[in-house]
């Protein structure tokens, strides 16, 4: 990454920073990991397991935790702080605004906004985006190109809606929500009545509520509820290509990695963490802080704090032990055959 | 869900209904499950396992099966009918038209329809949608925003095409089909010839046929065939984020849950049911009425009526039994070690 | 598939072809497999295991390998060549141009191209597509409808970008790349810092680089890197609904089948082949030519040339053997119980 950033810009972003050493470099040209950084780059020790790389790095500026033992080389600046990852995040946020500046507020000449929509101050509506009747967009939200905001849908303030997002009628999006490209909010739930040999559609009259500070990855789909609402709790982060069925309730601060599938009416309490490609059968309850390994198949309720793996899912340690024993099955069968032969 | 619905509107929707008791409530404000319903709500007994909730419900109107034993409380109306789920569905369909009325027929001012396209009576073409050369749309079909209907593609009558659906050239969509947001019909099949170390593209010249009464979930993809057609049979319901490869044939009345993957040239007979995230290797045949559990991995042909689970997939009962025994592997290994030690 | 193709058109497409026999058919009406072909069809022996079908086929023209032993029937033309699959591919490419001709170069009247974008000769920009500031499109590339090409993004020459593709700012697409409908290139990476109970966003400032001759399937998502780049190597073919996380590096000539998930910072060397729905944990290295079976779960580095299956993944032969033994677990437990009883 090529950036152009002066030390005078960087240091004020981290109020608790203490500089040590000095460098003739006044402009940072890139941000890199310790091992790949070159002169004029900024690097950082985010995880102490890489501390042996610090004395070897060519970076001109290195963000370090307060307690790091060691001194800068000649022509190198150490910047010590409580949490280098957060310092780095501050610098990145500063850079992001420079690299990808927000568009100036306004409605793109190719967008279509219904005359009865309610667009707040500071909003950008991008090219070819559609805003329906009685829809509303809160202050300082950015809606990129090719988005659909259905009738009566609402977006809060300071949201970032990437290209091609479809928010269908009546769905509600909270403040500071980020929806990546291609996200679908409010698709019809998958519910049918069996009538003889055919499947008769059950209309889905409910909606989807996305609370504040939620982020949702590209092409993820969230179905609307049958009557009431499908709800994603505040601060939950959902990755790409995730499926969330009708009537699901996800708690606050959950992490749901890519390609997870959550069937209808599942309920997550807060701070649940789910690895990629895991799946949940319908109508389950998952307790607070539970952790589910990638590719697990969950078919029963999960207790708070549990850590499960596999399909059928087992407690993580047991699943690991069984995996080890499965590798020994050929040996076991052989020994058993021998024993039997000896009698 | 807040609705506003008078009893005079509701009762005629269910011709076989018999009312019992009486209520001063003349306007229904919501539809809820028995346990969450409040006064002025309508509720229903869809599954007899919840019948103990009926005497406790606060709902003002309750849909019940004919044979339900019990009487309404004071100021409560029981409505008995053959199948309360179907009665409810009728009410929901009525409400749906009120909550999400169809747009008036016409072509949105921002849409682009090729002059050689053929648009029937009663059709709505939404904002920023594109209809290509010689494409056709049947009577009373609704196409929402940002859709693409490629050259020579055809849509039947009374279809509902949600925002951002891409129906690529020459694909054929039957009557009363519902395509949720972001669906792709007719993407290029994944087929290559190995030429030395590189993979040379095999052009896919065929198309996709979607028969009548099919529903397809958000962001699902169906590839076009190499020469002939990929086909989805009448009445089949496909959930979100499903992958259907080139040349696949799906029978009638199948149910395919979210994130299932079906490789090229697989053939399903009618009424196959597939749980979420299951996968099928290429060129398999799956017999009539087979059931496949979620996350199963199918690598061989499946007989009609089979019920399979796991990867490698086994008959459901055997798979369940093996799962139980796997949990006992630590015990088995311990006992075996003891036995061996005793000799 | 109905085609109309004269023998005079077909034969010059395959310079090494040698014709044998003769047919009164001068116009080919379809291309079909040996067993389904009718008179006036062209068929082919692509795989020698079908050679017994050759004497039985009704096709009027049959593409065969040089060494095929047998003669045409009356009124049938054999066309022998080194590799019938490649001959067929040539014919298909010829037909493709006839069936789906490229649109004439130009910018559709409904497209929006920023005045500072750089559009080369021979480019088509389709309906409702958006090309951002300082974006560039190389010679003879086709961009279909509803595409988004963000600021500073670049597309090489002779690319085919299908409807609804989103290429976000600064991403780089090489020459002859095919992106199917709904592909997202450059979505925000899934990376957060835990701050107390909440997850603070890590900005993703990097980009995505797609090298030449890559093909990507419908609705697949590729996240941008944190600082540097996520990269897909030349000639790699990726199927539909695949997830590729931030900072991933995929080598050249890899095959990645539908619904695979690759977590952040994974590195593939060249010619890796991954079956559908397999998943990779973060930060792994996968060696040259490794093969990963469908639905496998990879949680450790993979050696070059390895062939793995299952979750946890094991060498293919061992995994197969263990699968067989698992089916015998009920028997083993029974025998063990008997033995124990006999003592």
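Here are a few things to note about the model shown:
- Of all residues making up region B:138-175, the number that are assigned to a loop (DSSP other than H, G, I, E, B) and within 10 Å of another protein chain (Cβ to nearest Cβ): 14
- Residue within region C:185-205 that is under 22 Å from residue B:245 (Cβ atoms), in contact with a strand residue (DSSP E or B) (Cβ under 7 Å, 6 or more places away or on another chain) and assigned by TED's automatic domain parsing to the domain that holds residue C:235 present: no
- Among the strands (runs of 3 or more DSSP E) confined to region B:1-75, the ones with at least 2 residues that are touching a helix residue (DSSP H, G or I) at 6+ places or on another chain (Cβ under 9 Å) are located at B:41-44, B:61-65.
- Matching entry among B:106, B:74, B:126, B:138 (being under 19 Å from residue B:19 (Cα atoms) and either in contact (Cβ under 8 Å) with a residue 12 or more places away in the chain or not assigned by TED's automatic domain parsing to the domain that holds residue B:218 (or both)): B:74
- Scope region B:135-158; condition crowded, with 24+ Cβ neighbours inside 10 Å and within 21 Å of the chain's Cα centre (by Cα); matching residues: B:141, B:143, B:144, B:147, B:155
- Options A:41, A:35; residue that is at pLDDT 90 or above and touching a strand residue (DSSP E or B) at 6+ places or on another chain (Cβ under 6 Å): A:41
- Residue list for region B:91-100, restricted to those being facing chain A (nearest Cβ under 9 Å) and without any contact (Cβ under 8 Å) to a residue 40 or more places away in the chain: B:93, B:96, B:100
- Applying the condition of being facing another protein chain (nearest Cβ under 9 Å) and without any contact (Cβ under 8 Å) to a residue 24 or more places away in the chain to region B:265-277 and asking which residue is farthest from residue B:239 (Cα to Cα) yields B:271.
- Number of residues in region B:292-308 that are surrounded by fewer than 19 Cβ atoms within 10 Å (Cβ to Cβ) and either within 11 Å of chain C (Cβ to nearest Cβ) or not in a loop (DSSP other than H, G, I, E, B) (or both): the value is 2.
- Of the candidates C:225, C:218, the single residue that is free of Cβ contacts under 8 Å to residues at least 60 places away in the same chain, within 14 Å of chain B (Cβ to nearest Cβ) and either assigned to a loop (DSSP other than H, G, I, E, B) or buried (at least 21 other Cβ atoms within 10 Å of the Cβ) (or both) is C:218.
- Among the residues of region C:270-291, those that are more than 16 Å from residue A:276 (Cα to Cα) and in a strand (DSSP E or B) comprise C:273, C:274, C:285, C:286, C:291.
- Top-ranked residue in region A:176-203 [being outside any strand (DSSP E or B) and free of Cβ contacts under 8 Å to residues at least 24 places away in the same chain; ranked as nearest to residue B:85 (Cα to Cα)]: A:203
- The listed residue being crowded, with 24+ Cβ neighbours inside 10 Å and assigned by TED's automatic domain parsing to the domain that holds residue A:154, out of A:178, A:173: A:173
- Set side by side, the residues A:105, A:65 differ, and just one is more than 12 Å from chain C (Cβ to nearest Cβ), more than 30 Å from residue B:182 (Cβ to Cβ) and in contact with a strand residue (DSSP E or B) (Cβ under 8 Å, 6 or more places away or on another chain), which is A:65.
- Whichever residue in region C:258-270 is surrounded by fewer than 22 Cβ atoms within 10 Å (Cβ to Cβ) and over 27 Å from residue C:169 (Cβ atoms) and, among such residues, is farthest from the chain's Cα centre (by Cα): C:269
- Region B:35-50: number of residues that are within 18 Å of residue B:81 (Cβ to Cβ) and surrounded by fewer than 13 Cβ atoms within 10 Å (Cβ to Cβ): 2
- Single residue of region A:176-215 satisfying the filter (more than 22 Å from residue B:163 (Cα to Cα) and at pLDDT 95 or above) that is nearest to the other protein chains (Cβ to nearest Cβ): A:213
- Residue B:87 being surrounded by 15 or more Cβ atoms within 10 Å (Cβ to Cβ), touching a strand residue (DSSP E or B) at 6+ places or on another chain (Cβ under 9 Å) and in a loop (DSSP other than H, G, I, E, B): no
- Residue tally, condition outside any loop (DSSP other than H, G, I, E, B) and under 19 Å from residue B:314 (Cβ atoms), over region C:319-343: 15
- Looking only at region A:235-257, residues that are buried (at least 24 other Cβ atoms within 10 Å of the Cβ) and part of a loop (DSSP other than H, G, I, E, B) come to 11 in all.
- Residue within region A:93-103 that is on the phi > 0 side of the Ramachandran plot and part of a loop (DSSP other than H, G, I, E, B) present: no
- Flag for residue B:235 being closer than 18 Å to residue A:279 by Cα and within 22 Å of the chain's Cα centre (by Cα): no
- Scanning region A:6-32 for residues that are surrounded by fewer than 19 Cβ atoms within 10 Å (Cβ to Cβ), within 14 Å of chain C (Cβ to nearest Cβ) and under 24 Å from residue A:66 (Cβ atoms) yields one hit, A:13.
- Residue match in region A:309-317 (condition: free of Cβ contacts under 8 Å to residues at least 40 places away in the same chain, facing chain C (nearest Cβ under 9 Å) and either in a loop (DSSP other than H, G, I, E, B) or more than 22 Å from residue A:239 (Cβ to Cβ) (or both)): yes
- Where a residue in region A:77-90 is within 10 Å of residue A:67 (Cα to Cα) and more than 14 Å from every other protein chain (Cβ to nearest Cβ) and its partner, wherever it lies, is part of a helix (DSSP H, G or I) and at pLDDT 90 or above, with Cβ under 9 Å and at least six apart: none
- The single condition among (1) part of a loop (DSSP other than H, G, I, E, B); (2) under 27 Å from the mean Cα position of the chain (by Cα); (3) closer than 28 Å to residue B:111 by Cα that residue C:121 does not meet is (2).
- Filter result for residue B:112 (within 10 Å of chain C (Cβ to nearest Cβ), more than 23 Å from the chain's Cα centre (by Cα) and surrounded by fewer than 24 Cβ atoms within 10 Å (Cβ to Cβ)): yes
The values are calculated or read from the model by the stated rules, or taken from the named source; none is laboratory data. Just so we're clear, the structure is a prediction, and the values are computed from it rather than from any experiment. Cβ atoms come from the backbone with ideal geometry, glycine included; neighbour counts cover every protein chain shown.
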